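The values are calculated or read from the model by the stated rules, or taken from the named source; none is laboratory data. Keep in mind that what you see is a predicted model, and the values were worked out from it rather than measured. All Cβ positions, glycine included, derive from the backbone under ideal geometry; neighbour counts span all protein chains shown.
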Amino acid sequence: MDWISLALISAIFLGLYDIAKKASLTDNAVPVVLLVNVATAAAIWSIPLALVMYPTVSGSIGVPDQWLSDWNCLKDLSRWDHLLLFLKSLLVGSSWIAAFYALKHLPISIATPIRSTSPIWTILLAVMFMQERPTANQWIGVTITLIAFLAFSRVGAKEGIEFHRDRWILLIMIATVLGAISSLYDKYLLQTMAMSPEPVQAWFSIYLVPVMIPLTVHWYLRDRDASPFQWRWTIPVIAIFLLIADYAYFYAITHEQALISVISPIRRSSIVIPFLFGVTRLKEVNWRAKALCIAVLMIGVILLSNSSA
(Lines give C-alpha, C1' and ligand atoms only; values in the text may rest on other atoms or scores of the structure.)
Protein backbone atom coordinates (compact mmCIF):
# COMPACT_ATOMS: atom_id res chain seq x y z
CA MET A 1 0.00 0.00 0.00
CA ASP A 2 1.36 3.46 -0.89
CA TRP A 3 2.18 6.04 1.79
CA ILE A 4 -0.59 8.49 0.85
CA SER A 5 -3.22 5.76 1.28
CA LEU A 6 -1.70 4.89 4.65
CA ALA A 7 -1.80 8.56 5.69
CA LEU A 8 -5.48 8.70 4.69
CA ILE A 9 -6.21 5.55 6.69
CA SER A 10 -4.47 7.14 9.66
CA ALA A 11 -6.58 10.30 9.29
CA ILE A 12 -9.83 8.33 9.05
CA PHE A 13 -9.10 6.34 12.18
CA LEU A 14 -7.98 9.46 14.05
CA GLY A 15 -11.36 10.99 13.24
CA LEU A 16 -13.16 7.85 14.39
CA TYR A 17 -10.98 7.89 17.52
CA ASP A 18 -12.29 11.36 18.41
CA ILE A 19 -15.90 10.26 17.81
CA ALA A 20 -15.42 7.17 20.01
CA LYS A 21 -14.01 9.39 22.76
CA LYS A 22 -16.98 11.76 22.65
CA ALA A 23 -19.48 8.87 22.59
CA SER A 24 -17.73 7.22 25.55
CA LEU A 25 -17.35 10.36 27.67
CA THR A 26 -20.82 11.88 27.41
CA ASP A 27 -22.44 11.59 30.87
CA ASN A 28 -19.77 9.14 31.97
CA ALA A 29 -16.91 8.85 34.46
CA VAL A 30 -13.73 10.12 32.80
CA PRO A 31 -11.21 8.22 35.00
CA VAL A 32 -12.74 4.81 34.27
CA VAL A 33 -13.07 5.54 30.55
CA LEU A 34 -9.38 6.46 30.53
CA LEU A 35 -8.34 3.36 32.46
CA VAL A 36 -10.32 0.94 30.26
CA ASN A 37 -8.95 2.70 27.17
CA VAL A 38 -5.28 2.42 28.19
CA ALA A 39 -5.78 -1.11 29.56
CA THR A 40 -7.12 -2.16 26.15
CA ALA A 41 -4.05 -0.80 24.38
CA ALA A 42 -1.74 -2.40 26.96
CA ALA A 43 -3.47 -5.77 26.53
CA ILE A 44 -3.08 -5.61 22.75
CA TRP A 45 0.62 -4.76 22.97
CA SER A 46 1.17 -7.44 25.62
CA ILE A 47 0.50 -10.14 23.01
CA PRO A 48 3.56 -9.49 20.76
CA LEU A 49 5.60 -8.66 23.86
CA ALA A 50 4.79 -12.04 25.42
CA LEU A 51 5.58 -13.85 22.16
CA VAL A 52 9.00 -12.18 22.01
CA MET A 53 9.75 -12.73 25.69
CA TYR A 54 8.94 -16.45 25.45
CA PRO A 55 10.26 -17.66 22.06
CA THR A 56 9.89 -21.33 23.01
CA VAL A 57 6.14 -20.89 23.44
CA SER A 58 6.01 -18.82 20.25
CA GLY A 59 7.75 -21.56 18.32
CA SER A 60 5.37 -24.19 19.66
CA ILE A 61 2.37 -22.29 18.28
CA GLY A 62 4.01 -21.65 14.90
CA VAL A 63 5.11 -18.01 15.15
CA PRO A 64 7.69 -17.45 12.34
CA ASP A 65 11.30 -16.86 13.45
CA GLN A 66 11.55 -13.84 11.14
CA TRP A 67 8.62 -12.21 12.93
CA LEU A 68 10.27 -12.79 16.31
CA SER A 69 13.51 -11.32 14.98
CA ASP A 70 11.74 -8.22 13.68
CA TRP A 71 10.02 -7.64 17.03
CA ASN A 72 13.00 -8.34 19.29
CA CYS A 73 13.31 -4.58 19.71
CA LEU A 74 10.40 -4.79 22.17
CA LYS A 75 12.64 -6.38 24.79
CA ASP A 76 16.02 -4.87 23.88
CA LEU A 77 15.72 -1.90 26.24
CA SER A 78 17.83 -0.77 29.16
CA ARG A 79 16.52 0.38 32.54
CA TRP A 80 17.22 3.95 31.45
CA ASP A 81 15.12 3.38 28.33
CA HIS A 82 12.25 2.11 30.45
CA LEU A 83 12.50 5.16 32.71
CA LEU A 84 12.35 7.45 29.68
CA LEU A 85 9.27 5.62 28.40
CA PHE A 86 7.60 5.83 31.80
CA LEU A 87 8.19 9.59 31.74
CA LYS A 88 6.55 9.66 28.30
CA SER A 89 3.57 7.85 29.81
CA LEU A 90 3.31 10.48 32.56
CA LEU A 91 3.40 13.23 29.95
CA VAL A 92 0.87 11.61 27.61
CA GLY A 93 -1.32 10.56 30.53
CA SER A 94 -1.49 14.14 31.81
CA SER A 95 -2.39 15.35 28.33
CA TRP A 96 -5.11 12.73 27.93
CA ILE A 97 -6.63 13.43 31.35
CA ALA A 98 -6.96 17.12 30.50
CA ALA A 99 -8.25 16.38 26.97
CA PHE A 100 -10.82 13.78 28.06
CA TYR A 101 -12.31 16.01 30.75
CA ALA A 102 -12.47 18.91 28.29
CA LEU A 103 -14.01 16.82 25.50
CA LYS A 104 -16.72 15.58 27.87
CA HIS A 105 -17.94 19.16 28.40
CA LEU A 106 -17.14 20.89 25.09
CA PRO A 107 -18.79 20.55 21.67
CA ILE A 108 -16.71 18.13 19.60
CA SER A 109 -16.78 20.65 16.73
CA ILE A 110 -14.78 23.06 18.92
CA ALA A 111 -12.61 20.73 21.00
CA THR A 112 -11.06 18.71 18.16
CA PRO A 113 -10.02 21.72 16.02
CA ILE A 114 -8.34 23.30 19.05
CA ARG A 115 -6.39 20.08 19.58
CA SER A 116 -5.32 20.31 15.94
CA THR A 117 -3.43 23.54 16.66
CA SER A 118 -0.69 21.47 18.34
CA PRO A 119 1.78 22.02 15.44
CA ILE A 120 1.93 25.70 16.46
CA TRP A 121 3.05 24.86 19.96
CA THR A 122 5.45 22.18 18.72
CA ILE A 123 7.19 24.71 16.48
CA LEU A 124 7.27 27.44 19.13
CA LEU A 125 8.67 25.05 21.73
CA ALA A 126 11.25 23.79 19.23
CA VAL A 127 12.31 27.40 18.58
CA MET A 128 12.60 28.16 22.30
CA PHE A 129 14.29 24.99 23.53
CA MET A 130 15.80 23.17 20.54
CA GLN A 131 17.20 26.12 18.53
CA GLU A 132 15.19 25.13 15.47
CA ARG A 133 14.61 27.77 12.80
CA PRO A 134 11.21 27.57 11.06
CA THR A 135 10.94 28.58 7.41
CA ALA A 136 9.04 31.62 6.20
CA ASN A 137 6.15 29.34 5.17
CA GLN A 138 5.99 27.88 8.65
CA TRP A 139 5.87 31.32 10.30
CA ILE A 140 3.02 32.24 7.95
CA GLY A 141 1.35 28.97 8.95
CA VAL A 142 1.71 29.85 12.65
CA THR A 143 0.04 33.21 12.00
CA ILE A 144 -2.83 31.72 9.98
CA THR A 145 -3.44 28.98 12.55
CA LEU A 146 -3.55 31.55 15.35
CA ILE A 147 -6.08 33.54 13.33
CA ALA A 148 -8.19 30.38 12.99
CA PHE A 149 -7.94 29.83 16.75
CA LEU A 150 -9.10 33.38 17.46
CA ALA A 151 -11.97 32.88 15.00
CA PHE A 152 -12.99 29.75 16.91
CA SER A 153 -13.07 31.83 20.09
CA ARG A 154 -15.57 34.17 18.43
CA VAL A 155 -17.72 31.24 17.33
CA GLY A 156 -17.50 29.71 20.79
CA ALA A 157 -18.70 32.97 22.35
CA LYS A 158 -21.94 32.57 20.38
CA GLU A 159 -22.46 29.28 22.22
CA GLY A 160 -21.70 30.76 25.62
CA ILE A 161 -18.09 29.52 25.70
CA GLU A 162 -15.72 32.32 26.69
CA PHE A 163 -12.25 31.09 25.76
CA HIS A 164 -10.43 33.28 28.29
CA ARG A 165 -12.64 32.14 31.19
CA ASP A 166 -13.93 28.66 30.39
CA ARG A 167 -12.08 26.01 32.40
CA TRP A 168 -12.72 23.32 29.78
CA ILE A 169 -11.07 25.49 27.12
CA LEU A 170 -8.16 25.92 29.52
CA LEU A 171 -7.94 22.15 29.91
CA ILE A 172 -8.03 21.50 26.17
CA MET A 173 -5.27 24.08 25.72
CA ILE A 174 -3.18 22.44 28.46
CA ALA A 175 -3.72 19.09 26.76
CA THR A 176 -2.66 20.57 23.42
CA VAL A 177 0.54 22.09 24.78
CA LEU A 178 1.39 18.87 26.61
CA GLY A 179 0.78 17.02 23.34
CA ALA A 180 3.22 19.36 21.60
CA ILE A 181 5.81 18.69 24.31
CA SER A 182 5.19 14.97 23.81
CA SER A 183 5.90 15.37 20.08
CA LEU A 184 9.29 16.91 20.85
CA TYR A 185 9.95 14.17 23.42
CA ASP A 186 9.13 11.57 20.74
CA LYS A 187 11.71 13.22 18.50
CA TYR A 188 14.26 12.87 21.31
CA LEU A 189 13.39 9.20 21.87
CA LEU A 190 13.32 8.22 18.19
CA GLN A 191 16.25 10.30 16.94
CA THR A 192 18.62 11.12 19.81
CA MET A 193 18.05 7.86 21.71
CA ALA A 194 17.55 5.90 18.44
CA MET A 195 14.62 3.89 19.76
CA SER A 196 12.35 2.05 17.36
CA PRO A 197 8.68 3.12 17.15
CA GLU A 198 7.37 -0.30 18.23
CA PRO A 199 8.91 -0.45 21.74
CA VAL A 200 8.02 3.22 22.29
CA GLN A 201 4.37 2.51 21.46
CA ALA A 202 4.27 -0.79 23.34
CA TRP A 203 5.90 0.20 26.61
CA PHE A 204 4.37 3.64 26.93
CA SER A 205 0.95 1.99 26.40
CA ILE A 206 1.71 -0.49 29.17
CA TYR A 207 3.04 2.16 31.54
CA LEU A 208 -0.07 4.29 31.01
CA VAL A 209 -2.05 1.77 33.08
CA PRO A 210 -0.33 2.50 36.43
CA VAL A 211 -0.38 6.21 35.54
CA MET A 212 -4.19 6.13 35.30
CA ILE A 213 -4.89 3.91 38.31
CA PRO A 214 -4.55 6.66 41.01
CA LEU A 215 -7.13 8.84 39.23
CA THR A 216 -9.54 5.89 39.05
CA VAL A 217 -9.01 5.09 42.74
CA HIS A 218 -9.76 8.72 43.60
CA TRP A 219 -12.94 8.54 41.51
CA TYR A 220 -14.03 5.33 43.27
CA LEU A 221 -13.46 6.74 46.75
CA ARG A 222 -14.80 10.24 46.17
CA ASP A 223 -16.83 10.68 42.98
CA ARG A 224 -18.46 7.40 41.91
CA ASP A 225 -21.90 8.43 43.19
CA ALA A 226 -21.81 11.91 41.66
CA SER A 227 -20.33 10.68 38.38
CA PRO A 228 -21.28 7.01 37.86
CA PHE A 229 -19.62 4.85 35.23
CA GLN A 230 -21.59 3.39 32.33
CA TRP A 231 -20.08 0.63 30.20
CA ARG A 232 -20.09 1.33 26.47
CA TRP A 233 -18.43 -0.69 23.72
CA THR A 234 -17.01 2.51 22.29
CA ILE A 235 -14.60 2.71 25.26
CA PRO A 236 -12.16 -0.09 24.26
CA VAL A 237 -12.68 0.94 20.62
CA ILE A 238 -10.94 4.25 21.45
CA ALA A 239 -7.65 2.41 21.93
CA ILE A 240 -8.14 0.19 18.88
CA PHE A 241 -8.78 3.15 16.58
CA LEU A 242 -5.72 5.01 17.91
CA LEU A 243 -3.46 1.98 17.52
CA ILE A 244 -4.56 1.54 13.89
CA ALA A 245 -4.10 5.27 13.19
CA ASP A 246 -0.61 5.33 14.73
CA TYR A 247 0.48 2.10 13.05
CA ALA A 248 -0.62 3.37 9.62
CA TYR A 249 1.20 6.66 10.30
CA PHE A 250 4.48 5.03 11.33
CA TYR A 251 4.30 2.64 8.38
CA ALA A 252 3.62 5.56 6.00
CA ILE A 253 6.71 7.49 7.09
CA THR A 254 8.94 4.44 6.54
CA HIS A 255 8.33 4.67 2.76
CA GLU A 256 11.32 6.14 0.96
CA GLN A 257 9.16 8.53 -1.09
CA ALA A 258 7.05 9.66 1.87
CA LEU A 259 6.85 13.43 2.47
CA ILE A 260 6.10 14.49 6.03
CA SER A 261 4.90 17.84 4.59
CA VAL A 262 2.09 15.88 2.92
CA ILE A 263 1.46 13.25 5.61
CA SER A 264 1.02 15.77 8.43
CA PRO A 265 -1.81 17.83 6.87
CA ILE A 266 -3.51 14.64 5.69
CA ARG A 267 -3.47 13.41 9.30
CA ARG A 268 -4.80 16.76 10.54
CA SER A 269 -7.69 16.56 8.08
CA SER A 270 -9.11 14.00 10.50
CA ILE A 271 -10.87 16.90 12.25
CA VAL A 272 -13.43 16.92 9.41
CA ILE A 273 -14.83 13.56 10.59
CA PRO A 274 -15.71 14.56 14.19
CA PHE A 275 -16.89 17.93 12.90
CA LEU A 276 -19.42 16.23 10.59
CA PHE A 277 -20.41 13.90 13.42
CA GLY A 278 -21.01 16.85 15.74
CA VAL A 279 -23.15 18.64 13.15
CA THR A 280 -25.18 15.69 11.85
CA ARG A 281 -25.56 13.45 14.93
CA LEU A 282 -25.10 15.78 17.90
CA LYS A 283 -26.88 18.70 16.21
CA GLU A 284 -24.14 21.18 17.13
CA VAL A 285 -24.77 24.71 15.88
CA ASN A 286 -22.87 27.41 13.97
CA TRP A 287 -21.51 24.79 11.59
CA ARG A 288 -20.92 27.21 8.69
CA ALA A 289 -18.67 29.47 10.77
CA LYS A 290 -16.86 26.45 12.24
CA ALA A 291 -16.35 24.97 8.76
CA LEU A 292 -14.73 28.23 7.63
CA CYS A 293 -12.48 28.23 10.70
CA ILE A 294 -11.46 24.63 9.99
CA ALA A 295 -10.65 25.53 6.37
CA VAL A 296 -8.38 28.37 7.56
CA LEU A 297 -6.84 26.06 10.16
CA MET A 298 -6.03 23.46 7.50
CA ILE A 299 -4.28 26.10 5.37
CA GLY A 300 -2.14 26.96 8.38
CA VAL A 301 -1.37 23.29 9.06
CA ILE A 302 -0.31 22.74 5.42
CA LEU A 303 2.11 25.66 5.66
CA LEU A 304 3.38 24.44 9.04
CA SER A 305 4.10 21.05 7.48
CA ASN A 306 5.97 22.53 4.53
CA SER A 307 9.67 22.70 5.31
CA SER A 308 10.62 24.43 2.09
CA ALA A 309 11.55 28.09 2.33
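Quick notes
- Of everything listed in (1) within 27 Å of Trp168 (Cβ to Cβ); (2) part of a loop (DSSP other than H, G, I, E, B), the single unmet condition for Ser95 is (2).
- Among the numbered conditions (1) buried (at least 21 other Cβ atoms within 10 Å of the Cβ); (2) under 23 Å from Thr145 (Cα atoms); (3) under 16 Å from the mean Cα position of the chain (by Cα), the only one that Ser269 does not meet is (1).
- Pairs linking a residue in region 151-164 that is over 16 Å from Ala102 (Cβ atoms) to a residue that is of a type outside the set (A, V, I, L, M, F, W, C) and outside any helix (DSSP H, G or I), with Cβ atoms under 7 Å and 6 or more positions apart or on different chains, are Val155/Asn286; Lys158/Asn286.
- Condition check for Thr216: among the polar types (S, T, N, Q) and either touching a Leu at 6+ places or on another chain (Cβ under 6 Å) or more than 20 Å from Thr26 (Cβ to Cβ) (or both): yes
- Looking at Met212, Met193, just one residue is out of contact with any His (no Cβ under 6 Å at 6 or more places or on another chain), more than 21 Å from Val301 (Cα to Cα) and crowded, with 18+ Cβ neighbours inside 10 Å, and that residue is Met212.
- Members of region 114-172 that are closer than 22 Å to Val279 by Cβ, among the β-branched types (Val, Ile, Thr) and not in a helix (DSSP H, G or I): Thr117, Ile161
- A residue that is at pLDDT 95 or above, farther than 30 Å from Val301 by Cβ and surrounded by 14 or more Cβ atoms within 10 Å (Cβ to Cβ) occurs nowhere in region 100-108.
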